[in-house]
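The structure under discussion appears below in the form of structure tokens.
The values are calculated or read from the model by the stated rules, or taken from the named source; none is laboratory data. None of the values given here were measured: they were computed from a predicted structure. Ideal geometry is used to build each Cβ from the backbone, glycine not excepted, and the neighbour counts take in all protein chains shown. The accessibility values were calculated without ligands, DNA or RNA, using every heavy atom of the protein model including side chains. Shrake-Rupley method; radii C 1.70, N 1.55, O 1.52, S 1.80 Å.
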Amino acid sequence: MDQGRTAQTVELLQQLIRNECVNEGTEASGQEIRNADTLGDYLDGVGLDIETFDAAPGRRTLAAKIEGHDPDAPSLCLNGHTDVVPVTRAGWERDPFGGELVDGEVWGRGAVDMLNLTSSMAVAIRHLAETGFRPAGDLIFLAVADEESGSAYGARWMASLHRELTGTT
């Protein structure tokens, strides 16, 4: 694997953890706008079609797309979420929102569910866009809010209002 993309993934993961998008199951919690904006800043300027969607104040989902060259080809959606479940800080050896790199591992809430995959997918689609990749069908990266509490402000909301961006029709 390219060490540059590995470093980008680690740095992006650390920032997503540090943004503390904690979903307590209420409309006002989560504040995934912080992670959506971080991802948007990272993906900006490489030719991706980027859109954001706010299901409620602070509950932002980001979609980034590489348009396919065949309108009849199916789309592929890389779907990750940007929120994490609450944490009892006393139960942690390290700051759960520190995003520390210790012995080659990133520590923090969401480091293995699922901010690691969300950051990896963002780095992958950015790399594909930078290299001019053009798939047959649309390639969509979707970073959704509210996965940890039923998706009313995330994937379910997107599927009901913007189904074309979920890779299904």
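The alpha carbon radius of gyration of the range 29-78, expressed as a multiple of 2.2 N^0.38 Å, is 1.33.
Taking the Cβ of L139 as the center, what net charge do the other residues with Cβ under 15 Å away carry, scoring Lys and Arg +1 and Asp and Glu -1? Don't skip to the answer; put the middle values down first.
Numbers: positive: K65, R126, R134; negative: D49, E51, E67, D70, E130, D138, E164.
Result for the local shell: -4.
Using only Cα atoms and rounding to the nearest 10 degrees, what angle (0 to 90) does helix 33-43 make with the longest principal axis of the chain? On a 0 to 90 degree scale, this one is about 50. Can you check what the net charge comes to around C21, using other residues whose Cβ is under 12 Å from the Cβ of C21 (Lys, Arg +1; Asp, Glu -1)? Around C21, the charge tally is -3. Dimensions of the chain from C-alpha coordinates, computed as largest minus smallest value along each principal axis and given longest first, are 53, 38, 21 Å. Using only Cα coordinates, the Kirkwood hydrodynamic radius of the range 51-111 works out to 15.3 Å. Taking the helices alone, the chain has a mean residue ellipticity at 222 nm of -9500 deg cm²/dmol, built from -39,500 (n - 2.57) per DSSP H run of at least 4 residues and averaged over all its residues.
Under a 1.4 angstrom probe, counting protein chains only, how are H162, H69, H81 ranked by accessible area, largest first? Can you show the working numbers first?
Numbers: H162 45, H69 110, H81 5 Å².
Accessible-area ranking of H162, H69, H81, largest first: H69, H162, H81.
Peptides 132-144, 149-161, 10-22 ranked from most to least packed by the mean count of surrounding Cβ atoms within 10 Å: 10-22, 132-144, 149-161.
In this rough spin-label picture, where each label sits 7 Å from Cα along the Cβ direction, the E51-T26 distance is 3.1 nm. Taking a point 7 Å out from the Cα of L101 in the direction of its Cβ, none of the residues of the range 17-45 has a backbone N less than 14 Å from it. Nearest 10 degrees, 0 to 90: what angle lies between the long axis of helix 3-18 and the longest principal axis of the chain (Cα atoms)? Tilt of helix 3-18: around 60 degrees. Please report the base-10 log of the normalised intensity I(q)/I(0) for the range 72-169, using a Debye sum with one equal scatterer per alpha carbon and no solvent, at each q in 0.13, 0.22 (1/Å). One equal scatterer on each Cα of the range 72-169 leads to -0.58, -1.13. Taking label points 7 Å from Cα along the Cα-to-Cβ direction, S160 and R18 give a separation of 3.6 nm.
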